[in-house]
Amino acid sequence: MDTTPVMKEPTRAEVDALPGATVIEFGTGWCGWCRGAQPLIAGALAGQAGVRHLKVEDGAGRPLGRSYRVKLWPTLVFLKDGQEVARVTRPSSQAELTDALAKIV
């Protein structure tokens, strides 16, 4: 599973065309909530080799985050074949993320 930050933000059309299970994580490197959620996210994604994980830097003027109406960080959008199935904002437990993952795998 690739969890490196996306260097070039994909377009919404590119994301909509992604096959299979994808988790898009919107946030920033300086966000305390984002940093605090990393162990929960890593724990939930452990062993999910078939799930694509995209970390997308978000902020004002970033079109992908705006297209998903992201307001708070981190926001994780769970997609199956490019369609949003679940969403978790500021996760407080690994179980929240595991439940959302179960909907796309």
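Rule-based calculations on the coordinates, nothing more; no lab input. What you are looking at is a predicted structure, and each value in this text was computed from that prediction instead of being measured. Cβ coordinates were reconstructed from backbone atoms using ideal geometry, including for glycine residues, and neighbour counts include every protein chain displayed.
General observations
- Karplus-based coupling profile of the stretch 12-24, in residue order and whole Hz: 5, 4, 5, 5, 4, 8, 5, x, x, 8, 9, 10, 9, with θ = phi - 60° in 6.51 cos²θ - 1.76 cosθ + 1.60 and x standing for Gly or Pro.
- Amide hydrogen neighbours beyond the local backbone of K55, cut-off 5 Å, H modeled: V6, E25
- 17 Å cut-off, amide nitrogen to a point 7 angstrom out along R12 Cα→Cβ, residues in the stretch 33-59: 58-59
- Most fluctuating residue given options T75, T22, T89, as computed from a GNM of the chain linking Cα atoms under 10 Å: T89
- Rounded to whole Hz, the Karplus (6.51, -1.76, 1.60) HN-Hα couplings of the stretch 28-39, x for glycine and proline: 9, x, 9, 6, x, 4, 5, 5, x, 7, 4, x
- Simple spin-label estimate for R35 and R90 in nanometres, 7 Å along Cα-Cβ: 1.7
- Unit charges on C-beta of K, R, D, E only; dipole of the stretch 12-102, Debye: 260
- Where only alpha carbons of the chain are counted, the Rg and the Dmax (Å): 12.4, 34
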